[in-house]
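The structure appears right after this line, and notes come after that.
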Amino acid sequence: MLEVQSLGKTYLGSTPHEAIRDISCSVTEGEFVALVGPSGCGKTTLLRCLSGLDSPTTGEVRVDGARVIEPVASMALVFQEYGRSLYPWLTVEQNMRLPLEAAGVSRSEIRERCDRALTDVGLQGMNDRHPWQLSGGMQQRVAIARAIAYRPRILLMDEPFASVDAQTREDLEDLMLDIRSRYDMTIVFVTHDIEESIYLSDRVIVLSQPPTTVAKVFPVNLPRERDQLGTKSLPEFIELRTAVHRAIRRDEDVTAGALAKA
Ligand SMILES: Nc1ncnc2c1ncn2[C@@H]1O[C@H](COP(=O)(O)OP(=O)(O)OP(=O)(O)O)[C@@H](O)[C@H]1O
């Protein structure tokens with residue numbers, strides 16, 4: 001359903017910067033794909049191009065065959081910085097209502113969807129709180145609730161759990177697996193964390209050092225039912241973790257070698 005064909009992105013300016021050289025990949029309906037790669041390899045840039053918030057310099061993105069040239073109504077984005085993605089002067093529900101009102105959803109349905117999404121993320125009854133009255137993990141749950149209340153077909157998540165503590169992160173990972181099983185969504189999830197990428201996804205795409213290409217793709221053939229302790233101690237999980245780690249390290253070594261020769 002989501003196709004990326006030979007996507008390249010160069011930021012223009014006094015010194016043009018080639019953030020992405022050539023990425024091709026596709027995501028099928030209902031798939032959970034994790035994108036991992038070194039810092040600065042263009043993960044956020046890629047997500048912005050996927051969503052239509054930014055446009056590639058070369059190549060293209062297609063959703064169901066249609067070329068993406070502007071923000072796509074069937075997608076929602078969840079960012080790392082929940083503190084900046086929620087309006088502090090609005091309540092939880094008011095924050096959640098904004099995209100639904102813009103999409104023309106009826107008042108009664110908005111209320112119903114907000115209540116259901118808040119229940120799904122474990123924040124039932126918190127409709128009238130303000131973001132600043134909530135912990136970081138709770139604010140990120142609100143950002144997720146806002147996205148699922150919108151009912152996107154494709155959910156793009158940009159390192160959404162990078163700013164929370166380890167325990168909250170595990171809880172939020174399990175929340176995502178739960179949401180994935182309740183809602184029929186295709187998810188593209190950017191993370192730095194190799195374990196997180198495998199634990200959550202059906203496929204891990206490793207991006208190279210800049211100028212960025214796809215370094216390697218790993219199918220995750222683990223049982224659908226996942227559990228923080230059980231899944232992460234499976235031999236298949238450990239093998240995959242080593243393989244993804246190696247793919248990232250090998251690419252770093254190749255790049256370091258090329259730089260040393262230059
Ligand atoms: N608007 C912009 N103008 C110029 N350069 C940019 C712009 N946005 C990003 N870049 C550069 O493009 C490269 C890729 O940035 P991007 O934020 O997409 O990487 P990332 O993989 O998401 O990074 P991180 O893992 O650190 O979050 C970086 O070198 C960055 O400095």
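With runs of 4+ DSSP H residues as the only contributors, calculate the mean residue ellipticity of the chain at 222 nm using -39,500 (n - 2.57) per run, divided by the residue total and rounded to the nearest 500. Each step should come with its number before you reach the end.
On the way: 9 runs with 108 residues, N = 262.
Calculated from helices alone, the mean residue ellipticity at 222 nm is -13000 deg cm²/dmol.
Between Asp178 and Asp64, the modelled labels are 3.0 nm apart [label points 7 Å from Cα along Cα→Cβ]. The relative contact order of region 120-262 comes to 18 percent, based on Cα pairs under 8 Å that sit 6 or more residues apart.
Report the antiparallel proportion of the DSSP beta bridges in the chain as a percent, rounded to a multiple of 5. Please report the intermediate quantities before stating the final value.
On the way: 19 of 38 bridges.
Rounded to the nearest five, the antiparallel share is 50 percent.
Across the chain, the volume of the C-alpha convex hull divided among the residues equals 139 Å³ per residue. Taking amide H as placed 1.01 Å from N in the peptide plane, Glu81 has no amide H partner under 5 Å among residues 5 or more places away or on another chain.
Remark: region 204-210, residue by residue, has Karplus-estimated 3J(HN,Hα) of 10, 9, 9, 8, 7, 4, x Hz, where x stands for each Gly or Pro and the curve is 6.51 cos²θ - 1.76 cosθ + 1.60 at θ = phi - 60°. Of Tyr199, Tyr150, Tyr183, the order by accessible heavy-atom surface (1.4 Å probe, DNA, RNA and ligands excluded), from most exposed downward, is Tyr150, Tyr183, Tyr199.
Under 12 Å from the Cβ of Tyr11, count the other residues' Cβ atoms, weight Lys and Arg +1, Asp and Glu -1, and hand me the total. Can you show the working numbers first?
Numbers: positive: Lys9, Arg48; negative: Glu18, Asp54.
With Lys, Arg at +1 and Asp, Glu at -1, the neighbours total 0.
Extension gain for the segment Thr119 to Trp89, taken as residue separation times 0.36 nm less the Cα-Cα distance, is 8.6 nm to one decimal. Modelled this way, with points 7 Å down the Cα-to-C-beta line, the labels at Asp165 and Val217 are 4.0 nm from one another.
Rounded, prolate or oblate: which fits region 1-108, taking a ≥ b ≥ c as square roots of the Cα gyration tensor eigenvalues, rounded meaning a/c under 1.5, else prolate when a/b beats b/c?
Here region 1-108 falls in the prolate category.
Rounded to the nearest 10 degrees, the angle from helix 166-182 to the longest Cα principal axis of the chain is 80 degrees. Amide hydrogen proximity for Ala215: with H placed 1.01 Å from N in the peptide plane, the residues at 5 or more positions away or on another chain lying under 5 Å are Val206, Leu207, Ser208. Here the accessible area is traced with a 1.4 Å probe on the protein chains. For the chain, carbon and sulfur cover 50 percent of it.
Would you tally the net charge around Val61, using a Cβ to Cβ cut-off of less than 13 Å, leaving Val61 out, and scoring K and R as +1, D and E as -1? Spell out each step's value before the answer.
Working: positive: Lys9, Arg48, Arg62, Arg67; negative: Glu3, Asp54, Glu60, Asp64, Glu70.
Net of charged neighbours comes to -1.
The GluC sites (Glu not before Pro) of region 135-243 that meet both conditions, a loop assignment by DSSP and at most 10 other Cβ atoms within 10 Å of the site Cβ, are Glu225. Residues in region 21-31 carry Karplus couplings, in order, of 8, 6, 10, 10, 6, 9, 10, 8, 4, x, 7 Hz; the curve used is 6.51 cos²θ - 1.76 cosθ + 1.60 with θ = phi - 60°, and Gly or Pro positions show x. Which residue, Gly104, Val61, Ile154, has the largest displacement toward the positive end of the dipole of region 53-170 when charges sit on each Cβ (Lys, Arg +1; Asp, Glu -1)? The Cα lying farthest towards the positive end belongs to Gly104.
If we count every other residue with Cβ under 9 angstrom of Thr44's Cβ, Lys/Arg +1 and Asp/Glu -1, where does the sum land? Let's see the in-between values first.
Numbers: positive: Lys43, Arg48; negative: Asp158, Glu159.
Summing Lys and Arg as +1 and Asp and Glu as -1 gives 0.
Apply 1/(1 + (r/R0)^6) to the Cβ-Cβ distance of Asp227 and Gln133, taking R0 = 30 Å, and write down the FRET efficiency to the nearest 0.05.
Efficiency, rounded to the nearest 0.05: 0.40.
Going by a ≥ b ≥ c, the root eigenvalues of the Cα gyration tensor, does region 113-262 fall in the rounded group (a/c under 1.5), the prolate group (a/b larger than b/c) or the oblate group? Prolate is the answer for region 113-262, as a/c is 1.5 or above and a/b outweighs b/c. For region 96-134 and region 172-244, write down the distance between their C-alpha centroids in whole Å. What the calculation gives is 29 Å, centre to centre. Each residue of region 217-228 is assigned a 3J(HN,Hα), and the resulting list reads 10, 10, x, 9, 9, 9, x, 4, 6, 10, 8, 3 Hz, derived from the Karplus form 6.51 cos²θ - 1.76 cosθ + 1.60 (θ = phi - 60°), x at Gly and Pro.
The values are calculated or read from the model by the stated rules, or taken from the named source; none is laboratory data. Please read all numbers here as calculations on a predicted model, not as lab measurements. Virtual Cβ from ideal backbone geometry, glycine too; neighbours counted across all protein chains shown. For accessibility, only protein heavy atoms count, side chains too; no ligands or nucleic acids. Shrake-Rupley method; radii C 1.70, N 1.55, O 1.52, S 1.80 Å.
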